[in-house]
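To keep things clear, I will list the structure first and then write my remarks on it.
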């Protein structure tokens, strides 16, 4: 798609592969990751070498963007489950950046060959109840905007101080929380690049039922957008079959922002039982449609391992060749 507004850390001509699901790959080396209330964040303390190995796996599979294992990291969670105080928790989150950089070095890649994004997951991800897929904690009489800003701040500070290339505000079920996070980023580090990805219920609605169009309108009205700090928007950890329509919803509001897409396998997360249910979908054939709509970052999320990233890389190459021939 012509006319995309390419901003740092992207460069003109970039078409980049993102890693897959960190928990899925880590589960090959560490037992019961999905059952752990800290999810992959516990391994920042207990199994840092395994986290580094996952980065090696993804980079060798073709990834040129990796995300820190901070998605489910929080001061409250580290205090409750690892008895870490605020200072120690911040150091663990900063360590997540170093582990990603170490993975790049172990692959023998130049430091600027792989972008390291700081994962900023939603509040719901740290509640251990699956509410990152519903946004049920946001609304009248529930958590306030001020509380969300305060809750996200320590992690955003740590990732910024740790030296990430950008912040990945990801798996967001509601635009209200995104606004809180962007406000926090603007206060902590107003020049760091940011992408924003939502998790969705269907082609037109976010996970909590709000219209995708409304969410994108709020994002592009935020001061960070007008300052050129939001360099991409998109969809992640959602079923592949509904993503093409969701990208059309985004494009009906904004036609110039690059898109980032990293679906899950198509299975559904049961937050109560802590298991994935249903069947995986074959989604490599969707890549061409996502490319046509201006997607320039492709990856996988939950239940997508390094082998899936190899398949994705091939699918992206084929889709690009097909479009160049037309």
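Does residue 235 meet the test of being at pLDDT 95 or above, surrounded by 16 or more Cβ atoms within 10 Å (Cβ to Cβ), in contact with a helix residue (DSSP H, G or I) (Cβ under 6 Å, 6 or more places away or on another chain) and not in a helix (DSSP H, G or I)? Yes, satisfied. Screening residue 90 against (1) surrounded by 22 or more Cβ atoms within 10 Å (Cβ to Cβ); (2) over 18 Å from the mean Cα position of the chain (by Cα) leaves a single unmet condition, (1). Residue 135 fulfils the conditions (1) over 27 Å from residue 57 (Cα atoms); (2) in contact with a strand residue (DSSP E or B) (Cβ under 9 Å, 6 or more places away or on another chain); (3) at pLDDT 95 or above except for a single criterion, (3). Of the residues 56, 45, the single one that is out of contact with any strand residue (DSSP E or B) (no Cβ under 6 Å at 6 or more places or on another chain) and under 26 Å from residue 85 (Cβ atoms) is 45.
The residue list 167, 182 contains one member that is closer than 24 Å to residue 214 by Cα, at pLDDT 95 or above and part of a strand (DSSP E or B), which is 167. Within segment 244-270, work out how many residues are surrounded by fewer than 16 Cβ atoms within 10 Å (Cβ to Cβ), in a loop (DSSP other than H, G, I, E, B) and at pLDDT below 75. Qualifying residue count, segment 244-270: 0.
Looking across segment 103-142, the residues that are assigned to a helix (DSSP H, G or I), surrounded by fewer than 17 Cβ atoms within 10 Å (Cβ to Cβ) and in contact (Cβ under 8 Å) with a residue 12 or more places away in the chain come down to 106, 113. Is one or more of the residues making up segment 192-214 at pLDDT 95 or above, more than 27 Å from residue 303 (Cβ to Cβ), touching a helix residue (DSSP H, G or I) at 6+ places or on another chain (Cβ under 8 Å) and crowded, with 18+ Cβ neighbours inside 10 Å? Scanning segment 192-214, I find at least one residue that is at pLDDT 95 or above, more than 27 Å from residue 303 (Cβ to Cβ), touching a helix residue (DSSP H, G or I) at 6+ places or on another chain (Cβ under 8 Å) and crowded, with 18+ Cβ neighbours inside 10 Å, so the answer is yes.
Considering 148, 167, the condition of being closer than 17 Å to residue 260 by Cβ and in contact (Cβ under 8 Å) with a residue 24 or more places away in the chain is satisfied by 167 alone. Only residues that are in a loop (DSSP other than H, G, I, E, B) and modelled with pLDDT under 95 were counted across segment 28-70, and they come to 8. Being surrounded by fewer than 23 Cβ atoms within 10 Å (Cβ to Cβ), out of contact with any helix residue (DSSP H, G or I) (no Cβ under 8 Å at 6 or more places or on another chain) and more than 30 Å from residue 229 (Cβ to Cβ) is a property that residue 46 has.
What about residue 13, is it closer than 30 Å to residue 323 by Cα, out of contact with any helix residue (DSSP H, G or I) (no Cβ under 9 Å at 6 or more places or on another chain), free of Cβ contacts under 8 Å to residues at least 24 places away in the same chain and in a loop (DSSP other than H, G, I, E, B)? Spelling it out, residue 13 is indeed closer than 30 Å to residue 323 by Cα, out of contact with any helix residue (DSSP H, G or I) (no Cβ under 9 Å at 6 or more places or on another chain), free of Cβ contacts under 8 Å to residues at least 24 places away in the same chain and in a loop (DSSP other than H, G, I, E, B).
Scanning segment 201-217 for residues that are outside any loop (DSSP other than H, G, I, E, B) and under 19 Å from the mean Cα position of the chain (by Cα), we see that the one that is nearest to residue 137 (Cα to Cα) is 206.
Every listed requirement among (1) farther than 27 Å from residue 147 by Cα; (2) touching a helix residue (DSSP H, G or I) at 6+ places or on another chain (Cβ under 7 Å); (3) part of a helix (DSSP H, G or I) is met by residue 24 save one, (2).
The values are calculated or read from the model by the stated rules, or taken from the named source; none is laboratory data. Quick caveat, the model's predicted, so the values are computed rather than measured. So basically every Cβ, Gly included, is an ideal-geometry build from the backbone, and we count neighbours across all protein chains shown.
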